[in-house]
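Colleague: One structure coming up, written as C-alpha cells, with questions to follow.
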Amino acid sequence: MGFWKTWFSTSESAATNRTAPFEEMSAEFTGNNPNSDRIVFSTERDIDLYELEELCDAVGWSRRPLRKVKKAIEHSFLVASMWQVRGNQRRLIGFARATSDHAFNATIWDVVVHPDFQGKGMGKALMKYVLKKLRSEEISNVTLFADPHVVDFYRTMGFMPDPEGIKGMFWYPH
C-alpha cells in the first residue's frame, strides 16, 4: 500500500513521469513497440482526484466537491481505473466504481472514458474488467443507472431494463 500511496500522491509532474506495474494489462490494445501505448487497468483506490476531475470535465460532467468524490471512492466496493501508458508516462483515461452489499448485489456508478478513447472498445474493456472483478467476488446481481444516450452501449454489454418490470424509485431532498 505504501508504494502505491507514494506513487499516486506525489506532485503532479512527478506522478505523470512514473509508471508502475498495474494489476492487469489488456493485450489487445498493446503494440509490439515498447514505446507504443499500452492500456492497463487497476483497482488501486488512491486516484489523483484532480486527474479524475479532469477526466470528468473532458466528458462534460458537472463538477462535484472533491471531498465527496474522495469519500465515494473510499466507501466503494470496487474502484476500477484505466490508464494509457506511453513509455514512462501515464494518463487516466477511464474510471468506474461499484457499491455493494458484499454478498449478492452491486451497482456500478461513474463510468467515464475520455472522449479520445471512446468508440475504440475502451468502454467495453473497462466494463468487462469491472464485471469480471464483481463476478470474482461472487456478486450475481449487477445494476447501473445510465443516461439515455448510453443505454444502447450497456445493452450491448448484456444489461437490460428490469425484466420484472419493476420501476425504480428515488428520493431527493427538497
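Colleague: Take the range 69-100 and flag every residue that is without any contact (Cβ under 8 Å) to a residue 40 or more places away in the chain, in a strand (DSSP E or B) and hydroxyl-bearing (Ser, Thr, Tyr).
Modeller: Those that are without any contact (Cβ under 8 Å) to a residue 40 or more places away in the chain, in a strand (DSSP E or B) and hydroxyl-bearing (Ser, Thr, Tyr): Thr99, Ser100.
Colleague: Just need a number here: residues in the range 137-152 that are within 17 Å of the chain's Cα centre (by Cα) and either part of a helix (DSSP H, G or I) or of a type in the set (Lys, Arg) (or both).
Modeller: 1
Colleague: Does Gly60 meet the test of being at pLDDT below 90, surrounded by fewer than 18 Cβ atoms within 10 Å (Cβ to Cβ), within 22 Å of Ala125 (Cα to Cα) and more than 14 Å from the chain's Cα centre (by Cα)?
Modeller: When the stated conditions are applied, Gly60 does not pass them.
Colleague: Given the conditions (1) out of contact with any strand residue (DSSP E or B) (no Cβ under 7 Å at 6 or more places or on another chain); (2) surrounded by 10 or more Cβ atoms within 10 Å (Cβ to Cβ), and given that Leu134 satisfies all but one, which numbered condition is not satisfied?
Modeller: Failing condition for Leu134: (1).
Colleague: Would you check if there is a residue in the range 109-130 being more than 19 Å from Cys56 (Cβ to Cβ), part of a strand (DSSP E or B) and either among the aromatic types (Phe, Trp, Tyr) or in contact with a Ser or Thr (Cβ under 8 Å, 6 or more places away or on another chain) (or both)?
Modeller: no
Colleague: Separate question: Please go through the range 153-166 and give me each residue that is surrounded by 10 or more Cβ atoms within 10 Å (Cβ to Cβ) and part of a loop (DSSP other than H, G, I, E, B), ordered by number.
Modeller: Within the range 153-166, Met157, Phe159, Pro161 qualify.
Colleague: Within the range 101-108, is even one residue within 15 Å of the chain's Cα centre (by Cα), within 28 Å of Asp48 (Cβ to Cβ), of a type in the set (S, T, N, Q) and not in a loop (DSSP other than H, G, I, E, B)?
Modeller: The answer is yes, given that some residue of the range 101-108 is within 15 Å of the chain's Cα centre (by Cα), within 28 Å of Asp48 (Cβ to Cβ), of a type in the set (S, T, N, Q) and not in a loop (DSSP other than H, G, I, E, B).
The values are calculated or read from the model by the stated rules, or taken from the named source; none is laboratory data. Note that the structure is predicted; figures quoted are calculated from it, not measured. No Cβ is skipped: glycine too gets one built from the backbone with ideal geometry, and neighbour counts run over all protein chains shown.
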